[in-house]
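Each reported figure results from applying straightforward, stated rules to the coordinates on display, with no laboratory input. If you're wondering where the values come from, they're calculated on a predicted model, not measured in any experiment. Heads up, the Cβs are rebuilt from the backbone with ideal geometry, glycines too, and the neighbour counts pull from every protein chain shown.
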Amino acid sequence: MADGKSTNYGLGWAVGNYKGLNFASHGGAWSGCKSYGILFPTEQLYVVMLSNTNSPTFVPFCSSIALRMAGKQSSTPSKIKPDNKTLQEYVGTYSITSPEFDFKPMLRQITLNKDTLFSQLIDDEDEKIPLVYTDKDFFSIKTSAKKFQFIRDKKGKIISIEVFNEPVQYGPRQTNIKTDKQLPTK
């Protein structure tokens with residue numbers, strides 16, 4: 001890209017490195033069917049899966065199997081959950097900076113209900129999506145490859161979120177800057 005960031009994408013293939021493992025992947029869908037392939041050239045391993053479903057969990061499921069075959073593990077939920085005081089640190093309104101949203105400023109709202117964080121795009125009809133705790137400052141969405149890495153400043157205060165897909169990221173990571181805007185009420 002013009003700013004020097006990698007898009008991780010070329011000629012229909014996503015390329016990258018996950019935990020020291022180079023890969024290239026490609027998927028497609030048509031009329032209720034999906035396909036996905038992921039190549040690990042140094043391991044001489046190419047895993048292809050076909051399905052007659054439009055399930056949003058298809059690609060994360062395929063990636064997880066391929067990573068296991070290549071001797072790596074994708075992120076899994078932690079058995080230890082942070083307390084509500086810690087979870088409250090993540091709550092707030094975040095301004096999304098991403099090339100895909102340049103035409104319209106977007107905000108992400110992180111809320112806490114009982115012991116679960118939720119993500120929702122503001123001014124969008126998207127539902128509140130529960131976030132699953134994986135590791136310190138790291139959350140995922142159970143039904144997708146989307147990950148949320150909360151970033152702290154030198155004093156330990158949450159200042160932003162990097163949103164990305166794991167293991168395959170198309171384009172640069174999306175940065176969400178924490179703002180002082182009040183959470184809207186409905």
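What to note about this one:
- Cα-based shape type of the chain, given that a ≥ b ≥ c are square roots of the gyration tensor eigenvalues and the cut on a/c is 1.5: prolate
- Cα centre as origin, Lys/Arg/Asp/Glu Cβ charges: the chain dipole, Debye: 540 debye
- Annotation for segment 105-150 versus segment 69-91: alpha-carbon center distance of 12 Å.
- Each of L67, L112 has some number of other Cβ atoms within 10 Å of its Cβ, and from fewest to most they run L112, L67.
- With Cα atoms, 0 to 90° folded angle of helix 58-69 axis to the chain main axis: 60 degrees
- From its DSSP helices (H runs of at least four residues, each -39,500 (n - 2.57)), the chain gives a residue-normalised ellipticity at 222 nm of -2500 deg cm²/dmol.
- Taking other Cβ atoms within 10 Å as a rough exposure proxy, Y36, Y46, Y18 sort from fewest to most as Y46, Y18, Y36.
- For the chain, relative contact order (Cα pairs under 8 Å, six or more residues apart, normalised by length) works out to 18 percent.
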